[in-house]
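Enquirer: Pasting a structure below so you can have a look.
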Amino acid sequence: MKPFAYEAPADAAAAVRSVAGRPDASFLAGGTNLVDHLRLGLIEPGLLVDVTSLTSAEITDREGGLRIGAAVRNSDLAADPRVRERFPVLAESLLAGASGQLRNMATTGGNPLQRTRCVYFQDVTTPCNKREPGSGCSAIGGSTRNHAILGASEHCIATQPSDMGVALAALDAEVQVLGPDGERTIPFTELHRLPGDTPERDTVLDHGELITAIDVPDLPIARRSHYRKVRDRASYAFALVSVAAALDVVDGEVRDVRIALGGVAHKPWRARRAEAALRGAPVSEQSYREAAEAELADARPQDGIDGGNGFKIPLVTGALVATLRDLAEEET
Ligand SMILES: Cc1cc2nc3c(=O)[nH]c(=O)nc-3n(C[C@H](O)[C@H](O)[C@H](O)COP(=O)(O)OP(=O)(O)OC[C@H]3O[C@@H](n4cnc5c(N)ncnc54)[C@H](O)[C@@H]3O)c2cc1C
Ligand code: SF4
């Protein structure tokens, strides 16, 4: 491993200056993804800037919702009574991720920024446009079981792996960011990018921009929400697909709904077409299936040496139907 410098500056502004001033510098939070990347030789930073004691580790009630400091650990967030009561989908998504030990280290800022688990991205001996722009994509025509069915490009078909991110996309969360030019707020659904022809960029953050907090608005609908994760093993595995959903039913009709999907795209996928199809529709399995069909109309499954990922279409449909059915039954 190449030697690197380590800094723990006095405040967030100093951390931003340090990273923004050096192209080879990175923020370090819980380290559960970044340190793996160092070990695998995916990155060779010259400087790591530790931000865990610079951003807030508090969950704060504020006008209109909760503010979650970027240093809040995933296990603390999942256990917070306000999160469990007002945003069950968020608590459930966190508990569906990783292991207890990892959740004790992983942070609110770092979790959504973890990088793809595409096996070729993690193997430095194979071509990968995300790791080395212009080198090619080994997944296309290779192993595609875990890859995207929506929003992919000819340059990259990777998926974003964060469970928490899927819940935050459904909840209309906002990301608070501090950069060299000051603060800005990014809707969570706009934080991650589709790959296009620059798959090396996962998000819209510029180098040196630091997530300081994530705000979750107090939507009444969020109190009745769930996360369903489908994976190869019952625990300690990334999602093949996942669904975060919140549902409001009045007199047998869907009054309002929020849906996001995981494991299907380069970003947590807000399912706005499915939401539009469901608003005003009768509460029934047929409505849920039609909503899934509307969302997946543009799905492009990938062939692959492992049988491809066409199975994700019925898997998403089944997971969405089951999640909405559970939520509707709780309403009655
Ligand atoms: C074996 C294993 C299984 C896992 N299973 C799952 C799973 O099922 N579901 C799931 O969702 N996750 C899973 N994870 C991933 C884990 O949840 C993430 O690694 C973790 O959440 C990342 O948070 P961190 O604080 O450790 O980030 P770090 O590893 O410290 O950082 C991750 C990235 O974010 C950047 N960063 C960190 N904080 C900030 C900030 N405040 N502002 C700007 N940039 C920042 C870093 O520079 C780095 O690029 C698993 C990990 C492992 C090792
Ligand atoms: S899918 Fe993306 S991350 Fe995976 S090999 Fe292709 S370019 Fe790399």
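The values are calculated or read from the model by the stated rules, or taken from the named source; none is laboratory data. Remember, predicted model here, so these are calculated numbers, not experimental data. Here Cβ is always computed from backbone atoms with ideal geometry, including for glycine, and neighbour counts include all displayed protein chains. For the accessible areas, the whole protein counts, side chains as well, though only heavy atoms, and no ligand, DNA or RNA atoms are used. Shrake-Rupley method; radii C 1.70, N 1.55, O 1.52, S 1.80 Å.
Enquirer: Looking at segment 131-143, I want the residues that are within 16 Å of ligand 1 (Cβ to nearest atom) and have a partner that is part of a loop (DSSP other than H, G, I, E, B) and open to solvent by less than 70 Å² (accessible area, probe 1.4 Å) with Cβ atoms under 8 Å, at least 6 apart or on another chain. Which pairs are those?
Expert: R131/L42; R131/F121; R131/E200
Enquirer: Still on this structure, please answer the following. Just checking, how many residues over segment 6-18 are open to solvent by less than 50 Å² (accessible area, probe 1.4 Å) and either touching a Pro at 6+ places or on another chain (Cβ under 8 Å) or farther than 11 Å from D50 by Cβ (or both)?
Expert: Going through segment 6-18, the residues open to solvent by less than 50 Å² (accessible area, probe 1.4 Å) turn out to be 9, 12-16, 18.
Adding the requirement that they be either touching a Pro at 6+ places or on another chain (Cβ under 8 Å) or farther than 11 Å from D50 by Cβ (or both) leaves 12-16, 18.
Counting residues in segment 6-18 that are open to solvent by less than 50 Å² (accessible area, probe 1.4 Å) and either touching a Pro at 6+ places or on another chain (Cβ under 8 Å) or farther than 11 Å from D50 by Cβ (or both) gives 6.
Enquirer: Quick test of your reading of the structure: L54 fulfils all but one of (1) assigned to a helix (DSSP H, G or I); (2) within 11 Å of ligand 1 (Cβ to nearest atom); (3) not basic (K, R). Name the failing condition by number.
Expert: Of everything listed in (1) assigned to a helix (DSSP H, G or I); (2) within 11 Å of ligand 1 (Cβ to nearest atom); (3) not basic (K, R), L54 misses just condition (1).
Enquirer: Are any residues in segment 101-130 within 13 Å of ligand 1 (Cβ to nearest atom), farther than 22 Å from L210 by Cα and over 17 Å from the mean Cα position of the chain (by Cα), and if so, which ones?
Expert: Q101, Q122
Enquirer: Please list, ordered by first then second residue, the pairs with beta carbon atoms under 6 Å, 6 or more apart or interchain, first in segment 20-38 and more than 12 Å from Q122 (Cα to Cα) and away from ligand 2 (no atom under 16 Å from the Cβ), second open to solvent by 30 Å² or more (accessible area, probe 1.4 Å) and among the β-branched types (V, I, T).
Expert: A29/T52
Enquirer: Step by step: first the residues of segment 119-150, then only those that are more than 9 Å from ligand 2 (Cβ to nearest atom) and β-branched (V, I, T), then the one that is most open to solvent (accessible area, probe 1.4 Å). Which residue is that?
Expert: Applying the filter and picking the extreme gives T125.
Enquirer: Can you name the residue in segment 285-332 that is touching a His at 6+ places or on another chain (Cβ under 7 Å) and closer than 17 Å to L150 by Cα and is also most open to solvent (accessible area, probe 1.4 Å) among such residues?
Expert: Q302
Enquirer: Has segment 299-312 got at least one residue that is within 21 Å of L171 (Cα to Cα) and in contact with a Lys or Arg (Cβ under 9 Å, 6 or more places away or on another chain)? If you could, list the steps in order and put the result at the bottom.
Expert: Residues of segment 299-312 that are within 21 Å of L171 (Cα to Cα), as a first pass: none.
The answer is no; no qualifying residue exists.
Enquirer: Turning to a different aspect of this structure: Out of (1) polar (S, T, N, Q); (2) touching a Leu at 6+ places or on another chain (Cβ under 7 Å); (3) open to solvent by less than 30 Å² (accessible area, probe 1.4 Å), the odd one out for S225 is which?
Expert: Result: S225 fails condition (2) only.
Enquirer: What about L219, is it touching a residue at least 40 places away in the same chain (Cβ under 8 Å), open to solvent by less than 30 Å² (accessible area, probe 1.4 Å) and more than 13 Å from ligand 1 (Cβ to nearest atom)? Talk me through it step by step, then tell me what you get.
Expert: Working: touching a residue at least 40 places away in the same chain (Cβ under 8 Å): yes; open to solvent by less than 30 Å² (accessible area, probe 1.4 Å): no; more than 13 Å from ligand 1 (Cβ to nearest atom): yes.
In short, no.
Enquirer: Further, regarding this structure: So which pairs qualify, if the first residue must be in segment 303-328 and assigned to a helix (DSSP H, G or I), the second must be acidic (D, E), the Cβ gap must be under 6 Å, and the two must be at least 6 apart or on different chains?
Expert: Here the result reads V321/E285, each pair linking segment 303-328 to a residue that is acidic (D, E).
Enquirer: Inside segment 27-55, can you point out the residues that are surrounded by 19 or more Cβ atoms within 10 Å (Cβ to Cβ) and of a type in the set (S, T, Y)?
Expert: Selection gives T32, T52, T55.
Enquirer: Pairs please, first residue from segment 101-129 and free of Cβ contacts under 8 Å to residues at least 40 places away in the same chain, second anywhere and of a type in the set (F, W, Y) and part of a loop (DSSP other than H, G, I, E, B), Cβ atoms under 8 Å, 6+ apart in sequence or on different chains.
Expert: Note: pairs meeting the criteria are T126/Y120; P127/Y120; C128/Y120; C128/F121.
Enquirer: Further question on the same structure: Select from segment 3-38 the residues that are among the β-branched types (V, I, T) and assigned to a loop (DSSP other than H, G, I, E, B) and list them in ascending order.
Expert: Our first condition is that a residue be among the β-branched types (V, I, T); within segment 3-38, this holds for 16, 19, 32, 35.
Within segment 3-38, T32 is the sole residue that qualifies.
Enquirer: For segment 229-239, state whether one or more residues are surrounded by 20 or more Cβ atoms within 10 Å (Cβ to Cβ), of a type outside the set (F, W, Y) and in contact with a Leu (Cβ under 8 Å, 6 or more places away or on another chain).
Expert: no
Enquirer: Ok, one more. For residues that are hydroxyl-bearing (S, T, Y) and assigned to a loop (DSSP other than H, G, I, E, B), scanning just segment 102-118, find the one that is surrounded by the most Cβ atoms within 10 Å (Cβ to Cβ).
Expert: Residues of segment 102-118 hydroxyl-bearing (S, T, Y): 107-108, 116.
Next, only the ones that are assigned to a loop (DSSP other than H, G, I, E, B) stay: 108, 116.
Working: T108: 28, T116: 26.
Filtering first and then ranking leaves T108.
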